[in-house]
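Below you'll find the structure, written out as C-alpha cells, and then a few comments.
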Amino acid sequence: MDFIDFDTFTKDNSTDNDWNLPQPQPALSLPITNIENLSKKLSQFKLTKNLIIPNDSTTTITVNNDEDELMKKYAKLSINLISDEKKQEQDPENGNEKSSSNSTLSTRLSRVLNDSLNDNDQREIFSYIENNLEENELNVQDLLDTGFVGSVSRSNFKNRIESNLIKNHSKILKEYQPVIKQLKSTEGKLNKFNELNSSTESIIDSHCQNSNKFNARINELNKQQKLVLLKKQLLQSFNAKFTLTEYEEFVLTQSGEMNDEFFKVLSKLQKLNENCYILLSLDNCKLGNDILNKSNQLLNSSNDKIIKFCNKSLGNLYSLNLKSKLVTLQKCLRYLQNKYNYFQNMIDNFINSRSKFINDEFLNYCESNLEIVQQESIRFIGDLLAYVHSLIVNESETIIAIFNINENENDPIIQDIINKILMNLQKPIKLKIDHLIYSETKVLTIFQIFNLLDLYVIMFKKIKGNNLIEVLHSLISNCQDRIFSIISNKLSIIKQSNSARLELDTDLQPPNWIIEFYSDILNLLDQIKTKTILNLTTDSHEKFLDLIINSPVEIFNSHVELNKAFNKKDNLIIKFNFLDLIQSKVIPISLLSDKVIEINSQINDITEKLTTLEYVNLLKSLHLENIYNVSNMICPFSDEFFDTSIYEPIKENKLYNLESMKQIDEKIQEILPNSIIEIQQSLLKVNSPMIVNDTINQVFINFIKFIKKLNLINKEILDFEFTWSDYEMATMLGIEEVYDKEIASLPDT
Amino acid sequence: MSDKSNILKKYKIVFLGDQSVGKTSLITRFMYDTFDETYAATIGIDFLSKTMYLEEGKTIRLQLWDTAGQERFRSLIPSYIRDSHVAVICYDITNKKSFLNLDKWIKDVKLERGDDVIIVLVGNKSDLANDKRQVTIEDVESLHLKIGSKFFIETSTKANHNVKLLFKKIAQSLPEFNNEGTENENNTSNNNHNNPETIDITIDKNAPNPQTLNTCC
C-alpha cells in the first residue's frame, strides 16, 4: 500500500524534488463482492490476527520497524519544516518566497485540475474533500493559506484523509485476513500436493519407462501370437480342406450305413480331392500327391460302396418300398450322376436286369395265353397290346419314382432308361404279332389287326417316351404288306386256276371267284374311314386299287380270251357282266370312285361294241349291209350334215338299184316286226336290263336314221320309197318317243 | 410319416360307361380341377396317374384308365378291366339309355373279374338334376343293391360336386389300403403341403345339394 508522502505536497516537482507532490493513490480495488463467500471458504483465514496479534514475533518486529522508520521520517520532515519557517521569517525576501509558493500551489492545482482525470473522478475527489471539510470543521481559508497555518491545515487535512484512507484500507484488508489465512493453509496443502504430484510424476515416469519396455515386449509377443495364430488357422484350414478325421474315414469305409453323414463326409472328400490340384501346383507337390492318392483311394472305395448299394437296391425293387431306402438310393444316384462311367455302368446293369425281367414277364404272359392265340388271334393281340400298354405305364412310373433325382419327370436320363428297358420288348412283341400276321390268311382279320395296331400307335403316343411305337409302325407295315400279299396270292392262284377258267360257261355269268374275292375285300373297304386304304401312301393306295379292281379284270379277260367256246357277242356279254358285277360292288365305296368311273368307261366300250354288233347283224338280216357300207364309204351316216346329192355316186354301184331296193323293202316288212324279239333274245344273257334296253334302242335308232337317209337317197336317185316310213318303223319297233327326242336333237337337214 | 414308398404298388381304376357320360371330365376334374365345355371323344384308352394324399396321412398311387365309350372301341376294354382293382361305371343322370346300358358294362366287368373287383356306380351331370333328370336315386339304388356295387354317387364335374368325395371313397374302399399300417396316421397329414401333387380331398361341408351327398352308401 502506497501513501502520499508529506513532503511531496510542499515542494514543486519541477524545481525541487521535495516539492514534487505525490499523486494520491486510488483506493484499493479489491473484489469484495464475494468477500463473504470468500470468508466462508477461508474460514480459518484471519488477517487481523496475523497483522495485529503478534503471534509471530518476526512479523510484528518487521511491522514495528517499518512504522518506526516512517515515524522518524515524518518527524524529521516536520522538524525540517519548522526550521525552514523560522528562516523565512528572518529572511527579508519572504514576500518573494510567498509568491513563489503561491505560484507553486497554483501550478499544482492547475496540474490537478488540468489533469487527465475525467469529470466524474474529479467530482468525486472534490465531493470527498468537501465532505471532509465539513466533517472536520476545517476552514477552507486555512487550507488555502500559504503560510504555516495553511501548511498545518493541509497537513492535518492530509493526515485525516490518509487516516481515513488507512482505516478504509485496513477495514478492507481485515476482510481479506481470513482469506489470506485460508490461502496460507491452502498453500501448505498445495505444496504437499505439489510434492506428491512431483513424486507421483516421477513414479509415473518410471512406470512409463517400464510400460514402454513392457509394451514393446507385448507388441513383439502379439506379433508372434498373430503369426502363430495365422499358422494355426492355416493348419486348421488345411486340416479342414485336405484331411478327414479318423471318424470321417470310418464313416466312409467301415460304417455299413449310407446315411446323411456318409454323404456329408463324401461331399467333403470330393472337395478335398478337387482342392488337391492346388497343392499339386505348388513347387513341392509331394504333399499334394500323397493327399490326392489317399483321397482317391477313399473315393474309390466309397464309390464302390455306393455302386454296390445301388446295384443291390435296383436288383431288388421290392426293397425300395421302404421310403428311406428309396431316398438313399436317390442320393446315391444323384452322387453318381456326375461320374459318368460309374453311373452308366450301373444304369446299364439295371437296364439289362430290368429288360430281362420284363421280357420274362412278357413271355410268361404269352405262354399263359396260348389258348387264346389258337382260338382268336385278334383277341390275343388286343390283350397283348393292352398288357404292353400297362407294362409301359407301370415301368415308366416305377422308373420315374426311382430315377426322378432332378425333380423332372421328363429328364432325358429317365426317358433314356425307359426307352432302353422297353426297347428289348420290341423284338418279342414284333415276333409274336408278326407270327400271327403271317400265319393269318384272312384279309379281314389282318385288317382288324392293322386297325388295332393303328389305334395303339395313337394311344402309345400319349404315353411319354416309349419306342414301341416304332414296332407298331413296323407291324402296321407288315399288315399292309400281308394284305397285299394275300390278295396278290389269291389272284395269282385264280389266274392259274383251271377251275376258275372252267367256271366260264355259256350262261355268260361272272365266275364265283370274283364274288368270293370281293366278299372279304369289300368288308375291309367298307370299314375304312381314312383318306387312303390302310393309310397307305398315294402310290401304294393306287397300287392297291389296281390290285383289287384292275388285276381281277385282267385275269378274267385273259380267261375269257382263252375260252374258244365263246363267240364275239358272248365274249362281250360275259365281260360286260363281269364289269357290271364289279361296278355294282364297288360303287357304294367312295374310296373307289375313280375306279368306278374307269369300270364305267369299260362298260360303255363294251356296250358300244355290242350295239354295233347287233346293228350289223340287223343290217345283215335285212341285206342292207353292203348298201350301208357303200353309203358310209361315200359319206359316213354318222355325220350330222346330210344331202342326197352327196350320195349320187352310189348309182355306180351294181348292188344299188331299184330291184335290190324292192327286195330290201320286202325283207324289212318280213323281218323287222320280229327284230325286237330277235335282239332281245340275243342279249338275254346280259345281266343289266337297262343296258339291254339301251342297246336295243340304240340299234333301232341307228337303223331308223339310216333307213330315213336311204329312203331320201332312193327317192332322189331311184324315185323309190320304202313301204314304211321311218316313223312307222320307229312305232313298230317301239322307239317312237326315243326317235322323236333323237330327231328333235338333230339339226334340220 | 410312413416309410413305405409304394413305388411298385399301384391301383388300377378303369372308368367305363357310354359315350359322353363324362368319364374323361370326371378324371380331368380330379386331376387338374378343370372342366372343359367342349366335348372331345376319347380315342381308345387314355392313361393318367396321381398320388393321392389322404387326410389320415396315407398316400396312394392311383392309375386311372379312361376308356372310350364309342362302340368301335368296345373290344379293347375287357383287356383293361382284366387287371383292374376298381371299375367306375358311369352314367348320365339326364340320359336314361346310358343308365340302362350299365347292365352291359357290369356284365363286362363281372365276366372279366367276377366278384374280385370294386364296382362303383357314378351318375354324372348332377348339376342338371332339376331340369333334365331321367334317372332317379331310387333307380340307381336298386341297381346298386342288385349288383352289389361298393357304393354309388352322383357327381357333377361341371359344378365340381362330389368328385373329390368319389375318389376319396374309392381310395378308402381299396382292401390293401385298408390293411396298411396306421402307425403314422397322426403325423403325416402336414406333408401334403410340400408336395405339388397333393390333392386336397377335404370335403366341403357347406357344399350345396346335400341330398346327393347322402346317396353314398
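The values are calculated or read from the model by the stated rules, or taken from the named source; none is laboratory data. This is a predicted model, so every value here is computed, not measured. Using ideal geometry, Cβ is built from the backbone for each residue, glycine included, and neighbour counts are taken over all protein chains shown. These area figures cover heavy atoms from the full protein model, side chains too; ligands, DNA and RNA do not enter into them. Shrake-Rupley method; radii C 1.70, N 1.55, O 1.52, S 1.80 Å.
Based on what the data block shows, is B:Lys23 surrounded by 20 or more Cβ atoms within 10 Å (Cβ to Cβ), modelled with pLDDT of 90 or more and at the interface with another protein chain (Cβ under 8 Å from one of its Cβ atoms)? For B:Lys23, the condition - surrounded by 20 or more Cβ atoms within 10 Å (Cβ to Cβ), modelled with pLDDT of 90 or more and at the interface with another protein chain (Cβ under 8 Å from one of its Cβ atoms) - is not met.
Each row is one residue, and each column tells you yes or no for (1) modelled with pLDDT of 85 or more; (2) more than 19 Å from A:Leu336 (Cβ to Cβ); (3) of a type in the set (Lys, Arg).
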position	(1), (2), (3)
A:Leu230	yes, yes, no
A:Leu234	yes, yes, no
A:Thr253	no, no, no
A:Val265	yes, no, no
A:Lys268	yes, no, yes
A:Ser295	yes, no, no
A:Ser301	yes, no, no
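Would you check which residues across the stretch B:96-128 are surrounded by fewer than 20 Cβ atoms within 10 Å (Cβ to Cβ), touching a helix residue (DSSP H, G or I) at 6+ places or on another chain (Cβ under 9 Å) and in contact (Cβ under 8 Å) with a residue 60 or more places away in the chain and list them? Listed by number, the list holds a single entry, B:Asp108.
Residue by residue, here is whether (1) assigned by TED's automatic domain parsing to the domain that holds A:Ile717; (2) at pLDDT 85 or above; (3) closer than 19 Å to A:Ile713 by Cα; (4) surrounded by 11 or more Cβ atoms within 10 Å (Cβ to Cβ) holds:
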| residue | (1), (2), (3), (4) |
| --- | --- |
| A:Asn632 | yes, no, yes, yes |
| A:Ile650 | yes, no, yes, yes |
| A:Gln663 | yes, yes, yes, yes |
| A:Ile671 | yes, yes, no, yes |
| A:Ser675 | yes, yes, no, yes |
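For the structure I just gave you, tell me whether A:Ile413 is open to solvent by 10 Å² or more (accessible area, probe 1.4 Å), away from every other protein chain (no Cβ under 14 Å) and not in a loop (DSSP other than H, G, I, E, B). Give the steps one after another, and end with the answer.
Numbers: open to solvent by 10 Å² or more (accessible area, probe 1.4 Å): yes; away from every other protein chain (no Cβ under 14 Å): yes; not in a loop (DSSP other than H, G, I, E, B): yes.
Yes: the conditions hold for A:Ile413.
Out of A:Phe544, A:Phe556, A:Phe576, report the one residue that is in contact with a Phe, Trp or Tyr (Cβ under 6 Å, 6 or more places away or on another chain) and at pLDDT 90 or above. Break it down into steps so the answer makes sense when it comes.
Numbers: A:Phe544 fails: in contact with a Phe, Trp or Tyr (Cβ under 6 Å, 6 or more places away or on another chain); A:Phe576 fails: in contact with a Phe, Trp or Tyr (Cβ under 6 Å, 6 or more places away or on another chain).
Answer to the selection: A:Phe556.
Picking from residues in the stretch A:373-401 that are hydroxyl-bearing (Ser, Thr, Tyr) and under 31 Å from the mean Cα position of the chain (by Cα), the one that is nearest to the other protein chains (Cβ to nearest Cβ) is A:Thr398. Looking for something more than 30 Å from A:Leu326 (Cβ to Cβ) and touching a residue at least 12 places away in the same chain (Cβ under 8 Å) - is there at least one such residue anywhere in the stretch A:243-265? Checking the stretch A:243-265: at least one residue is more than 30 Å from A:Leu326 (Cβ to Cβ) and touching a residue at least 12 places away in the same chain (Cβ under 8 Å). Right, A:Ser488: more than 27 Å from A:Asn364 (Cβ to Cβ) and without any contact (Cβ under 8 Å) to a residue 24 or more places away in the chain or not? Against the criterion (more than 27 Å from A:Asn364 (Cβ to Cβ) and without any contact (Cβ under 8 Å) to a residue 24 or more places away in the chain), A:Ser488 does not qualify.
Among the conditions (1) closer than 25 Å to A:Asn498 by Cβ; (2) open to solvent by less than 60 Å² (accessible area, probe 1.4 Å), A:Ser540 misses just one, which is (1).
I need the full set of residues from the stretch A:270-321 which are acidic (Asp, Glu) and closer than 19 Å to A:Glu249 by Cβ, in order please. Steps first, answer last, please.
Residues of the stretch A:270-321 that are acidic (Asp, Glu), as a first pass: A:274, A:283, A:290, A:304.
Passing the criteria: A:Glu274, A:Asp290, A:Asp304.
Residue-wise test of (1) in a loop (DSSP other than H, G, I, E, B); (2) in contact (Cβ under 8 Å) with a residue 24 or more places away in the chain.
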site: A:Lys585; (1), (2): no, yes
site: A:Leu613; (1), (2): no, yes
site: A:Pro649; (1), (2): no, no
site: A:Leu655; (1), (2): yes, yes
site: A:Glu670; (1), (2): no, no
site: A:Glu678; (1), (2): no, yes
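With the condition being in contact with a Gly (Cβ under 7 Å, 6 or more places away or on another chain), I'd like the strands (runs of 3 or more DSSP E) fully within the stretch B:25-136 carrying at least 3 qualifying residues.
Values: elements: B:45-53, B:59-67, B:86-92, B:118-124.
In the stretch B:25-136, the matching strands (runs of 3 or more DSSP E) lie at B:86-92.
Among the residues in the stretch B:72-87, are any buried (at least 21 other Cβ atoms within 10 Å of the Cβ), small (Gly, Ala, Ser), under 9 Å from B:Phe15 (Cα atoms) and away from chain A (no Cβ under 14 Å)? Yes, some residue in the stretch B:72-87 is buried (at least 21 other Cβ atoms within 10 Å of the Cβ), small (Gly, Ala, Ser), under 9 Å from B:Phe15 (Cα atoms) and away from chain A (no Cβ under 14 Å). In the stretch A:382-410, the qualifying residues are those that are of a type in the set (Val, Ile, Thr) and part of a helix (DSSP H, G or I), and the one that is farthest from B:Ile81 (Cα to Cα) is A:Ile402.
Those helices (runs of 4 or more DSSP H) of the stretch A:243-357 in which 2 or more residues are surrounded by fewer than 13 Cβ atoms within 10 Å (Cβ to Cβ), outside the structural domain of A:Ile392 (by TED's automatic domain parsing) and in contact with a His (Cβ under 9 Å, 6 or more places away or on another chain) are absent. So for the stretch A:385-400 (the condition being among the aliphatic types (A, V, I, L, M) and in contact with a Cys (Cβ under 9 Å, 6 or more places away or on another chain)), does at least one residue qualify? Checked the stretch A:385-400: no residue is among the aliphatic types (A, V, I, L, M) and in contact with a Cys (Cβ under 9 Å, 6 or more places away or on another chain). Screening A:Leu370 with (1) open to solvent by 60 Å² or more (accessible area, probe 1.4 Å); (2) touching a Pro at 6+ places or on another chain (Cβ under 9 Å); (3) more than 14 Å from chain B (Cβ to nearest Cβ) gives one miss only, at (2).
Residue-by-condition table, conditions (1) touching a Leu at 6+ places or on another chain (Cβ under 8 Å); (2) within 14 Å of chain B (Cβ to nearest Cβ); (3) of a type in the set (Gly, Ala, Ser):
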site: A:Phe403; (1), (2), (3): yes, yes, no
site: A:Thr441; (1), (2), (3): no, no, no
site: A:Val457; (1), (2), (3): yes, yes, no
site: A:Ile463; (1), (2), (3): no, yes, no
site: A:Ile476; (1), (2), (3): yes, no, no
